[in-house]
Amino acid sequence: MPERLTEMLMDTWTPLIILWITVLPSICMAPMNQSQVLPSGSSTGLKRLPEEQRVLNRSKRGWVWNQMFVLEEFSGPEPILVGRLHTDLDPGSSKIKYILSGDGAGTIFVINDKTGDIHAMKRLDREEKAEYTLTAQAVDRDTNKPLEPPSEFIIKVQDINDNAPEFVDGPYHATVPEMSVVGTFVTKVTATDADDPVYGNSAKLVYSILEGQPYFSIEPHTAIIKTALPNMDREAKEEYFVVIQAKDMGGHMGGLSGTTTVTITLTDVNDNPPKFAQSLYHFSVMEDVALGEPIGRVKANDLDIGENAKSSYDIIEGDGMDIFEITTDAQTQDGIIRVRKPLDFETKKSYTLKVEAANVHIDPRFISGGPFKDTATVKIVVEDADEPPVFSSPTYLLEVHENAAINSVIGQVTAHDPDVSSSPIRFSIDRHTDLERQFNINAEDGKITLATPLDRETNMWHNITIVATETRNHSQVSRVPVAIKVLDVNDNAPEFASEHEAFLCENGKPGQVIQIVSAIDKDDPKNGHYFLYSLLPEMVNNPNFTIKKNEDNTLSILAKHSGFSRQKQEVYLLPIVISDSGNPPMSSTSTLTIRVCGCSSDGIVQSCNVEAYVLPIGLSMGALIAILACIILLLVIVVLFVTLRRHKNEPLIIKDDEDVRENIIRYDDEGGGEEDTEAFDIATLQNPDGINGFLPRKDIKPDLQFMPR
């Protein structure tokens, strides 16, 4: 309590003492300092010097003063006296008037125009404005004429400790690795003070820790925070709350202070090894589990976090190292045990594994702390499952000759039940793979037989699926593919590869090759095709043609002589016998048509028709057909013309002398006898229709009208 009272008294009296020390010399010494307030020669009683002598001397200013000072934040019942202006031209008769202008003149600073006293009218703040530039001038009170040139002076605001330090960037957050040594840099804080750093200790700061010891320390002048306690463990405490104080006046009593907080977080380092939650794990798995399926998980916990907590798992020992594998779950860091190879309860019922978990990232600074790994034992029990039948082979390949007899055995498939109960097996064919039902299978022993004849040339491969089903549990079914290859037998005779028609030039030479023919065979012998060509026995001594076998398995047809003529014989038929080399050999007879043609001198065929001989020299068949067509057309035109002309000259009206018909008209009236000659017109009797001017046409069938009686 006495210390606090002393501090309060010092804070109260210090500005007053500074004001007294600052203002008092300027007030007391102003009348005494003739060089500042009095003009030269006026108060000393010196005589005026001659003109030439005054030219050699430097002319002095009428007034000279230094800077003036005023204490900031000073407030009292009366305005504070800053200073006094006076000139030696003033004889004391009050004829001189003092004028003040510049920063704050008339508002902040007011001058007594008679005495020259300058007063501060307002409370000043150095942090707002540190100095004011003013201009003073002495003028004649009556005429306002300047007695001397104006002069500038400065009023400086003297600082007092009225601003506390502030942490502009606070609060702070910092990190430091756990297990750091003492003195490890954490962070640096900075406080600012608005007071004058040049004048006094108002802005001289000293830093200290109010909360956060003994874990951290701070450098008093640089504000650097460091660790003060070794081996701080993040796993024990991760976050620390530190309070930092900055105090001005060099940290002495009476100084102002400010505080900020620093939240320091310990970052993780790999200083903890993984540890299995239990030393022994038990798992069970069905023997028919799919490959790659997980059967269990193991977990090694690590107190570290992030990358430092990542572990890898491995199987290092055990009788199932090749049967099982373990991988790491990237999300949960669990070790997942999976089946790598098929399990068989009947072969092995349990396995024992030793798994290891090791850190992926190891910090060499803590390697001496021990191995960063751990091991555990895993026991796996295989449970029995009702398994489907197992074939003796995953696929079967059978062969059969295409001339195999119906119901002959092609091959056999076998399967067994791997379970202890060993159920009997029944075999069948999936008819979706044998739509034509070409094969059968014995349901008991799995022998495959032929149901229909096979033809290799039609289908060389047959792919069927055999189904094996347990008799005790029909849901246990297995399938196996069976490929049946049809083997070739020599059951097709060779024949010409295409329909050949040879052309023989009339001007050909003896021994000239007329045609080269080739043969094909649908069979496929192992050593390839080899054909034999020959003529029919009755054609062996053919006087016109002969044959020659070529090395490339083809046949050349040659002419024996020249002088062939289309007029004598236009077409020759040459039967050729083609035989293969199979066992037994197959043969066929193909006939080659040889046509005799007219050729140019260089052997190019021009015409192969006999009619070419009856044509005029230089007239082709096409030209002859065109001429005949024109003649027929002319004949048709002439006939039409004559017919039309005759038809035009024939009369259309029947004449009287040509009328041989008798027209009898019956009347019921009695005539007048021979004397009555005017009763009827004989012309009307001859042609009743003529009375109306109508004459019958000979080209139209007349219509007979029967008059009613």
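Things worth noting here:
- Only one of the numbered conditions (1) more than 30 Å from L303 (Cα to Cα); (2) touching a residue at least 60 places away in the same chain (Cβ under 8 Å) is violated by A223, and that is (2).
- Residue list for region 306-329, filter: open to solvent by 40 Å² or more (accessible area, probe 1.4 Å), over 18 Å from K373 (Cα atoms) and of a type in the set (A, V, I, L, M, F, W, C): M321
- Within region 310-325, considering residues that are among the small types (G, A, S) and over 33 Å from the mean Cα position of the chain (by Cα), the one modelled with the lowest pLDDT: G320
- Some residue of region 25-40 being part of a loop (DSSP other than H, G, I, E, B), small (G, A, S) and at pLDDT 75 or above: no
- Reported count of residues in region 227-255, each being of a type in the set (A, V, I, L, M) and buried (at least 19 other Cβ atoms within 10 Å of the Cβ), is 5.
- Of the residues contained in region 616-626, none is found to be part of a loop (DSSP other than H, G, I, E, B), modelled with pLDDT under 80 and under 25 Å from E499 (Cβ atoms).
- In the set (1) open to solvent by 30 Å² or more (accessible area, probe 1.4 Å); (2) in contact (Cβ under 8 Å) with a residue 40 or more places away in the chain; (3) at positive phi, the condition left unmet by G370 is number (1).
- I380 meets all of the listed conditions (1) of a type outside the set (G, A, S); (2) under 30 Å from K299 (Cβ atoms); (3) under 42 Å from the mean Cα position of the chain (by Cα) but one, namely (3).
- Count of region 468-486 residues which are part of a strand (DSSP E or B) and open to solvent by 20 Å² or more (accessible area, probe 1.4 Å): 6
- Residue in region 247-259 that is farther than 30 Å from A174 by Cα, in a loop (DSSP other than H, G, I, E, B) and at pLDDT below 95 present: yes
- Matching residues, region 261-312, being closer than 30 Å to D169 by Cα and among the hydrophobic types (A, V, I, L, M, F, W, C): V262, I264, L266, V269
- Filter pass, A236 being of a type in the set (G, A, S) and touching a residue at least 24 places away in the same chain (Cβ under 8 Å): no
- Test result for D523, acidic (D, E) and under 59 Å from the mean Cα position of the chain (by Cα): yes
- Some residue of region 122-136 being open to solvent by 40 Å² or more (accessible area, probe 1.4 Å), touching a Leu at 6+ places or on another chain (Cβ under 7 Å) and not aliphatic (A, V, I, L, M): no
- Residue ranges of strands (runs of 3 or more DSSP E) in region 112-204 with at least 3 members under 21 Å from V243 (Cα atoms): 172-177, 185-188
The values are calculated or read from the model by the stated rules, or taken from the named source; none is laboratory data. The structure displayed is predicted, hence computed values, not measured ones. Ideal geometry is used to build each Cβ from the backbone, glycine not excepted, and the neighbour counts take in all protein chains shown. Remember, those area values only see protein heavy atoms, side chains included, never the ligands or the DNA or RNA. Shrake-Rupley method; radii C 1.70, N 1.55, O 1.52, S 1.80 Å.
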